[in-house]
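Chemist: I have a structure here, written as structure tokens, and I will follow up with some questions on it.
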Amino acid sequence: LIKQGIIPEQITEIFPRRMFLVVQGNFSTSEEFADMASKLRSPNGAAYNLDRFFAAENELFHVGGNTYALSNQWSKKGLPGLEKLIAKYPNAAISFVKAEEEGS
């Protein structure tokens, strides 16, 4: 969606804001992003755990002078939201599949 010009604020009309970790500024390396993110606090005052986000260099994206990482904490509770995104942006080629269960 981002590559097609859809901004994160449009996505957060469907998904909660917590699905993104946002750092002000354009950071090109995961180290720079991690350094700046370490100074931020979640709404409950805790530090963000970057293991809970897609925060590798090739996973970060930049919009409007900010650097974003997408949460990797998805569950079946998010399926209705994904279905809404698919319906709202049919040309985006969004799809999902059930993950294989561990041990299968």
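Chemist: Any idea what the dipole of the chain comes to, in debye rounded to 20, about its Cα centre with Lys/Arg Cβ at +1 and Asp/Glu Cβ at -1? Present the calculation step by step, with values, prior to reporting the outcome.
Modeler: Details: 11 positive and 12 negative charges, 102 e Å.
That gives the chain a dipole magnitude of about 500 debye.
Chemist: Shifting gears a bit: Between Q24 and L79, what is 0.36 nm times their sequence separation minus the Cα-Cα distance? Round to one decimal in nm.
Modeler: Answer, rounded to one decimal: 16.9 nm.
Chemist: Does the stretch 26-77 classify as rounded, prolate or oblate by the C-alpha gyration tensor (a ≥ b ≥ c root eigenvalues; a/c under 1.5 gives rounded; else a/b over b/c gives prolate, otherwise oblate)? Working shown, then result.
Modeler: Values: a/c = 1.75, a/b = 1.20, b/c = 1.45.
Because a/c hits 1.5 or more and a/b fails to exceed b/c, the stretch 26-77 counts as oblate.
Chemist: Once you order the gyration tensor axes a ≥ b ≥ c over the Cα atoms, which shape class does the stretch 1-61 get: rounded for a/c under 1.5, otherwise prolate or oblate by comparing a/b with b/c?
Modeler: Oblate shape, in that a/c is at least 1.5 and b/c is the bigger or equal ratio.
Chemist: Could I have the simple spin-label model distance between E31 and E9, label points 7 Å from Cα toward Cβ, reported in nm to one decimal?
Modeler: Once both label points are built, they end up 3.4 nm from each other.
Chemist: Oh, and also: For the charge dipole of the chain, defined by +1 on Lys and Arg C-beta atoms and -1 on Asp and Glu C-beta atoms about the Cα centroid, which residue among M19, P80, G45 has the Cα displaced farthest towards the positive pole?
Modeler: Among M19, P80, G45, the one farthest towards the positive end of the dipole of the chain is P80.
Chemist: In the stretch 7-104, with Lys and Arg counted as +1 and Asp and Glu as -1 at Cβ, which of these residues, G64, A34, Y89, has the Cα nearest the positive end of the dipole, that is, farthest along it?
Modeler: Y89
Chemist: Compactness ratio of the chain: Cα Rg over 2.2 N^0.38 Å, N = residue count?
Modeler: In units of the globular-protein estimate, the chain measures up at 1.14.
Chemist: Could I ask something else about it? Taking 0.36 nm per residue of sequence separation and subtracting the Cα-Cα distance, how much length would be gained by fully extending the chain between L50 and A92, in nm to one decimal? If you can, show how the numbers build up before the last one.
Modeler: Numbers: separation 42, 0.36 × 42 = 15.12 nm, distance 2.71 nm.
Fully extending the segment from L50 to A92 adds 12.4 nm.
Each value in this text was obtained by applying a stated rule to the coordinates, not by laboratory testing. As the structure is a computational prediction, the values presented were derived from the model and not from experiment. When we count neighbours, we look across all protein chains shown, and the Cβ atoms used for this are built from the backbone with ideal geometry, even at glycine.
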